[in-house]
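Only one structure is covered here, and it is reproduced in the block below.
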């Protein structure tokens, strides 16, 4: 991973936290459905960021980063649902929700910049 690419670093760190959380929810809480959904969307953010970075064109970059943004929105939904259904404490959820909000702001800003540049 290149140093200094903030969205690449943050999406990877978030994915790692989601993997650990998913394992915790399965082993300790015996919760499999919601955690699997979060695992899928939460790890997809970084995977799509990586694909965007390796994109062959600006259009390809934009498309993959858009998918990453949508996966981040979905992850936020699953985190809120896990919190509100008491699988996560408010404190556990808050840290992850803070991370996902930051990822959403960064990806949203990049996408907005690209849209404005191409307008």
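Every number here is computed from the coordinates shown, using simple stated rules; none is lab data. In this text the structure is predicted, and so the values were computed from the model without any measurement. Note that each Cβ is placed from the backbone with ideal geometry, even for glycine, and that neighbours are counted across all protein chains shown.
Helical content of the chain, expressed as a calculated mean residue ellipticity at 222 nm, amounts to -29500 deg cm²/dmol (DSSP H runs of 4 or more residues, -39,500 (n - 2.57) each, divided by residue number, nearest 500). Going by alpha carbons, how many degrees (0 to 90, nearest 10) lie between the helix axis of 33-53 and the longest principal axis of the chain? That works out to roughly 20 degrees.
Compared with the direct C-alpha span, the chain from residue 102 to residue 66 gains 11.4 nm at full extension, assuming 0.36 nm per residue.
The modelled label-to-label distance between residue 36 and residue 9, using points 7 Å beyond Cα along the C-beta direction, is 3.5 nm. Structural descriptor for the chain: relative contact order 26 percent, calculated from alpha carbon pairs under 8 angstrom and at least 6 residues apart.
Comparing 98, 107, 43 in a Gaussian network model of the chain where C-alpha atoms under 10 Å apart are linked, the largest mean-square fluctuation is found at 98. The range 77-104 and the range 1-58 have Cα centres separated by 14 Å. Structure remark: mean-square fluctuation, Gaussian network model of the chain, C-alpha springs under 10 Å; the largest value among 50, 101, 28 belongs to 28. When you count the other C-beta atoms within 10 angstrom of each residue and take the mean per peptide, 11-17, 112-118 line up highest first as 11-17, 112-118. Each of (i) 1.07; (ii) 1.02; (iii) 1.29 is a candidate for Rg/Rh (Cα atoms, Kirkwood Rh); the one calculated from this structure is (ii). Given their separation in residues at 0.36 nm each and the Cα-Cα distance between them, residue 56 and residue 119 gain 20.6 nm when the chain is fully extended.
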